[in-house]
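Structure, as structure tokens:
The values are calculated or read from the model by the stated rules, or taken from the named source; none is laboratory data. Model, not experiment: these values are computed from the prediction. Cβ sites come from the backbone with ideal geometry, for glycine too, and all protein chains shown count toward neighbours. Heavy atoms of the whole protein, side chains included, go into the accessibility calculation; ligands, DNA and RNA do not. Shrake-Rupley method; radii C 1.70, N 1.55, O 1.52, S 1.80 Å.
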Amino acid sequence: MPFVRNAWYVAGWSRDFGAEIRALTIVDQTLAMFRAGDGTLVALEDRCPHRQLPLSKGKRIGDTIQCGYHGMTFDRTGACVRVPGQDNLPASAYVDAFPVEERHGIVWVWMGDPDRADPATIFDLPEFSDPAWHLHHGDALHLRANYLNVAENLVDPAHVSFVHPTTLGSSASENVPVHVSTKGKTITAWRWIRNAPPVGFFQKFGGFTGNVDRWHYYHLYLPSTAVIDFGSADAALNLPEDERQKGVRIFALHFVTPVTEDYTIDHWMHIRNAAVGDDAASAQMDAMFRIAFAEDKEILEAIHIEEQRPHKRKPIRIAIDKGPNVFRKRIRDLIEAEATEDLGEPVRSTFVQHD
Amino acid sequence: MPFVRNAWYVAGWSRDFGAEIRALTIVDQTLAMFRAGDGTLVALEDRCPHRQLPLSKGKRIGDTIQCGYHGMTFDRTGACVRVPGQDNLPASAYVDAFPVEERHGIVWVWMGDPDRADPATIFDLPEFSDPAWHLHHGDALHLRANYLNVAENLVDPAHVSFVHPTTLGSSASENVPVHVSTKGKTITAWRWIRNAPPVGFFQKFGGFTGNVDRWHYYHLYLPSTAVIDFGSADAALNLPEDERQKGVRIFALHFVTPVTEDYTIDHWMHIRNAAVGDDAASAQMDAMFRIAFAEDKEILEAIHIEEQRPHKRKPIRIAIDKGPNVFRKRIRDLIEAEATEDLGEPVRSTFVQHD
Amino acid sequence: MPFVRNAWYVAGWSRDFGAEIRALTIVDQTLAMFRAGDGTLVALEDRCPHRQLPLSKGKRIGDTIQCGYHGMTFDRTGACVRVPGQDNLPASAYVDAFPVEERHGIVWVWMGDPDRADPATIFDLPEFSDPAWHLHHGDALHLRANYLNVAENLVDPAHVSFVHPTTLGSSASENVPVHVSTKGKTITAWRWIRNAPPVGFFQKFGGFTGNVDRWHYYHLYLPSTAVIDFGSADAALNLPEDERQKGVRIFALHFVTPVTEDYTIDHWMHIRNAAVGDDAASAQMDAMFRIAFAEDKEILEAIHIEEQRPHKRKPIRIAIDKGPNVFRKRIRDLIEAEATEDLGEPVRSTFVQHD
């Protein structure tokens, strides 16, 4: 079992779901999802228990799905409400239903034991609903890569200098050490690059011309939600670490959804404390993010191919790997805990230490 | 061994075979087939015993095939008649030859023990050569699906209401129970839908405007030949079950050929007791069948993909599955009998109870 | 281990390599190759030991490669010279480096134990640098086939009559026996076809109109370099076997490089004792070779597919197989010797007996 199941994963943006049945896969579980008549979302196991046809090949009858092969019909709880050709409904005629929640235009599905699904544990940020911040939903990046590598990349500030030299990084940061700390379910890796020329992003966006102080705080909320708090401020201000709000500050969000062991979808968006209400700025940032994420995709897919090949030696770990190492250890622990059913208390969001 | 081998399978229509060598695969056995100088068909194992080149990559020299690599040459019985560069012909230099028969424009190959091949057991219908019936060869439907699912679909009247709502089925039949009987090597599943509006097919073809009685008799001749006797008659006639000949009656024929475990070809055709000699009617029916069979293909290929995925639960069976259940049981028995070499008597055609 | 590793294999033509890093695979080992500042070639294991990104996704910094993910940097010996974010260089931070040599526009890489790499054992011919001979580098033929089948084809004169009837062979040679001898690391299969019409190649190229004596000497230098010495002379001359230089004589060279077990690249070229300096003749011969090699490719790829299918019987061997049989036996012995580490002395080129 290579996935954490007792977790909320992002299935898509609210705008992605309507009356039509949509098929998708999360942690190797296929889902048939649709928006019911009352506007709420339904997620059912996408396989008819009779002849295994995906229910997403069927059609909606009200808030039920009628299988496209023999018409067995399931309501939004997964219960079978009709078996054509017979009057009784066998006890084994059901599909699993998965809890779904929507927050700030983001759709979350709980992939584990439904009794443990607690909407209060869904990832949230006060800034989502703070008018001083601008929220911009991005897109979904599809990667032929394992989700651990995708998520690891998001608690790894060191790659930015080499993978994103024209947008998010520069050679000034190549040798700056990375700090790592953990708090509850969050792992944070961060570093400041003081008094260096602005990187491409802040040349275009912040309008900086002289040297700046630049920070990266990579918060990874287990299992796989990342918030990258990054920004720049005029170097002359010599900004203290806890006064980042005074600079141009962006939270780049990544909701990493394992599809299969070989495929991952990263729903990405950002919120920012500058250019609030400025759609042109949103479009400009969106375009820069796309350049950077295409660079990540190329790296991560090449690694995925390479990891399938035979190995003569174990990979080595170096100083900058502290964040990834902690992340992998925590994931292994969570998976093992689920396997042994010693799941403890559901995880409550403690993602509030980004100031 | 997932296939019944001691059986006649359809390799194609007579029109598909000429002087040119044609490569095809039946029950995972590759064949090189051609029409010999005297017009009869030859089917040889499509692999040279020397360096394994398919013989179909070679060329005909008279009624022999000369391998395209080193010129080893095999006659229509599979015997090697030439090894270039040496005078003796090794005993191991041969390929298997498979019995082939043609009937009514259909080409049959016996895939099992040649000593058991009895042309008298080839599927036949008196109507094939009855001038009161019109015969129309259709086409070959290729499916990325296991043949058992394809054949099962042809002893399953219940799917028609849901898979083919615009052509062969309608909601009127959704809850009508299915009867099943067996006789010799034939399994029959049937039902009548009395006094209902005509389905799309009989609106276009039978010219019915008022309500009709409609029947479906799905005869499945083991291992995988299906005859679907379906038709409609004015409901006012209240047609007895054994007087179907008085209505507009069609036999839709399906010759299901397992290619591999993951690929199946369904050669389909029909014969009918109406519009005899009317080629426009043939074309119209052909077009409607293509719509319906594309619907089956979509369902069956989606199921095939789903069956490759891990299963948490066993599929459930419901009342309408009686025909498919009997069919699968009989196939399992045949395969097991072949595996234990307790094959008993060759199967004689008993497919005559369709009246 | 299906490959001989202690051998020089051809990576490409000199013209294929420049400053840019090029990724390729030999005997299932991925390589990152580039031409260093001093013009010499470098071949490194194409996998960063840190996070497994192929180094070929990185970039050159002088004569080093900087990994594209976190900037670990390796020099041309494979030693790590930089780990960003830390001062020490771990002992495990290295990649393998492979000896590379260039000769006559051909690039060779030693894929085995570097201590055994002896440039003196690289395949060579005196004619390469003889002004009486014209050298023409051809191309690289990619085949979805195992290298043993590709190489075997090059010590097999008997296939020419059947695979290349319009260019290199004719029916006159179909039954002419093949002689085989071995000397050191070279296996030679040959035959003469005396007093027969010229084959297509020598009609176009040699300008012969009457009958000719034609020879084929297939020299296979282990593990997989082939020289096919073929030519024609006026039959009236009744040319002795050791006076081939008096006829129109061509050495068709094939450097067969195993990429994986399922993929092989054949770098092919020719040298000839006629039409020296005549580029139009080179182009004409090149075009005829391409026709012939496309024929080989079709055969060899069909065999490769067939070899993956289940077999009921072992392939048979016939008289013309003597060359291939000896070749396969020698390769098996070499691989077994490497496996048992009883490698003996490195192989010295003894490829001089082609006169």
What do you get for trypsin sites (Lys or Arg not before Pro) in the stretch A:263-323 restricted to DSSP loop and a cutoff of at most 12 other Cβ within 10 Å of the site's Cβ? A:Lys312, A:Arg313
Throw me the Rg/Rh for the stretch A:189-255, computed over C-alpha atoms with Kirkwood Rh, two decimals. 1.00
Residue-wise, which Karplus ³J(HN,Hα) couplings in Hz belong to the stretch A:141-158, taking 6.51 cos²θ - 1.76 cosθ + 1.60, θ = phi - 60°, and x for glycine or proline? 8, 9, 10, 7, 7, 6, 5, 5, 5, 5, 5, 4, 4, 9, 10, 9, x, 5
Mind listing the long-range amide H neighbours of C:Tyr217? Cut-off is under 5 Å, sequence gap 5 or more, other chains count too, H placed in the peptide plane at 1.01 Å from N. C:Asp229, C:Phe230
Read phi for every residue in the stretch B:117-132 and hand back ³J(HN,Hα) as whole Hz from Karplus 6.51 cos²θ - 1.76 cosθ + 1.60, θ = phi - 60°, with x for Gly and Pro. 6, 10, x, 5, 8, 5, 3, 8, 9, x, 5, 3, 10, 9, x, 6
Nearest 10 degrees, 0 to 90: helix A:279-308 Cα axis against chain A principal axis: 70
What nm distance separates the two modelled labels at B:Ile291 and C:Asp115, each placed 7 Å from Cα along Cα→Cβ? 7.8
Summing -39500 (n - 2.57) over every DSSP H run of at least 4 residues in the protein assembly as shown and dividing by its residue count gives a helix-only mean residue ellipticity at 222 nm, to the nearest 500 deg cm²/dmol, of -5500 deg cm²/dmol
Would you work out the relative contact order for the stretch C:130-334, in percent, from Cα pairs under 8 angstrom that are 6 or more residues apart? 28
Relative contact order [Cα under 8 Å, 6+ residues apart], chain C, whole percent: 19
Calculate how many DSSP beta bridges within the protein assembly as shown are antiparallel, expressed in % of all such bridges and rounded to the nearest 5. 100
Rank these by accessible area, largest first, 1.4 Å probe: C:His164, A:His179. A:His179, C:His164
In percent, what relative contact order does the stretch A:8-119 have, based on Cα pairs under 8 Å that are 6 or more apart in sequence? 26
Taking the Cα centre of the stretch A:1-156 as the origin, how large is its charge dipole in debye, to the nearest 20, when only Lys and Arg (+1) and Asp and Glu (-1) carry charge on their Cβ atoms? 760
Can you classify the protein assembly as shown as rounded, prolate or oblate using the Cα gyration tensor, where a ≥ b ≥ c are the square roots of its eigenvalues, rounded means a/c under 1.5, and otherwise it's prolate if a/b beats b/c and oblate if not? oblate
Quick calc, chain B, dipole around Cα centre from Cβ unit charges on Lys, Arg (+) and Asp, Glu (-), nearest 20 debye, gives 640
Other-chain or far-sequence residues with amide H under 5 Å of C:Val212's (modelled H): C:Asn195, C:Ala196, C:Ala235
On the first, second and third principal axes, largest extent first, how far apart are the outermost C-alpha atoms of the stretch A:116-212 in Å? 50, 34, 30
Treating the point 7 Å from Cα along Cα-beta-carbon as the label, what are the nm separations from B:Asp333 to the other copies, to one decimal? 6.0, 6.0
Looking along the axis that carries chain B onto chain A, the residue of B whose Cβ comes nearest, with distance in whole Å, is B:Gln308, 11
Chain B: Cys lacking any partner C-beta under 4.7 angstrom: B:Cys80
Heads up, I need the accessible area for A:Arg22: 1.4 angstrom probe, whole protein in place, Å², nearest 10. 90
Could you give, in nm with one decimal, how far A:Gln308 is from each other copy of that position, shortest first, with labels 7 Å out from Cα toward Cβ? 1.3, 1.3
Pair-distance profile P(r), taking every C-alpha pair of the stretch B:200-333, with 5 angstrom steps and integer %: 2, 8, 14, 18, 19, 15, 11, 8, 4, 2, 0
Can you give the charge dipole size of the stretch C:130-334 about its Cα centre, rounded to the nearest 20 debye, using +1 on the beta carbon of Lys and Arg and -1 on the beta carbon of Asp and Glu? 740
Return the whole-Å distance between the Cα centroid of the stretch B:77-149 and the Cα centroid of the stretch B:286-313. 27
Collect residues whose amide H, placed 1.01 Å from N in the peptide plane, falls under 5 Å from the amide H of C:Ile106; neighbours closer than 5 in sequence don't count. C:Ser14
Need one value for B:24-32: mean number of C-beta atoms belonging to other chains within 10 Å of its residues' C-beta atoms. 1
Calculate one ³J(HN,Hα) per residue across the stretch C:77-93 by plugging θ = phi - 60° into the Karplus curve 6.51 cos²θ - 1.76 cosθ + 1.60, and present them in order as whole Hz with x for glycine and proline. 8, x, 6, 7, 10, 7, 10, x, x, 8, 9, 7, 10, x, 4, 7, 8
Carbon/sulfur accessible area of the protein assembly as shown, % of total, 1.4 Å probe, equals 51
Ignore the peptide's own chain and count Cβ atoms of other chains within 10 Å of each Cβ in A:111-119; give me the average, rounded. 0
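How do the peptides C:57-66, A:300-309 rank, highest first, by the average count of neighbouring beta carbon atoms within 10 Å per residue? Please report the intermediate quantities before stating the final value.
Values: C:57-66: 18.3, A:300-309: 16.4.
Per-residue mean Cβ counts within 10 Å order the peptides as C:57-66, A:300-309.
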What is the distance in Å between the Cα centres of the stretch B:3-54 and the stretch A:161-236? 67
Accessible surface, chain C, averaged per residue in Å² (probe 1.4 Å): 39
At 7 angstrom along the Cα-to-beta-carbon line, where would the label on A:Asp124 sit relative to the other copies? Give the distances in nm, shortest first. 7.9, 7.9
With the cut-off at 1.5 for a/c, could you classify the stretch C:8-119 from its C-alpha gyration tensor as rounded, prolate or oblate? prolate
Going highest first, how would you order B:68-80, C:106-118 by mean Cβ packing within 10 Å? B:68-80, C:106-118
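Considering only protein heavy atoms, with the full assembly of protein chains and a 1.4 angstrom probe, order C:Glu336, C:Glu341 by accessible area, largest first.
The ordering from most to least exposed comes out as C:Glu341, C:Glu336.
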Sequence ranges C:218-224, B:36-42, A:38-44, ranked by mean other-Cβ count within 10 angstrom, highest first: C:218-224, A:38-44, B:36-42
With point charges of +1 on the Cβ of Lys and Arg and -1 on the Cβ of Asp and Glu, referenced to the Cα centre of the stretch B:196-272, which listed residue (B:Trp268, B:Gln245, B:Val256) lies farthest in the positive direction of the dipole? B:Gln245
For peptide C:93-102, how many partner chain Cβ atoms fall within 10 Å of a residue's Cβ, on average? 1
Spatial extent of the stretch A:1-65: Rg and Dmax, with the Cα atoms as the point set, Å: 12.3, 37
Pick out, from A:Tyr9, A:Pro54, A:Tyr94, the residue whose Cα sits farthest towards the positive end of the charge dipole of the stretch A:8-119, with +1 on the Cβ of Lys and Arg and -1 on the Cβ of Asp and Glu. A:Pro54
Quotient of C-alpha Rg and 2.2 N^0.38 Å, computed over chain B: 1.08
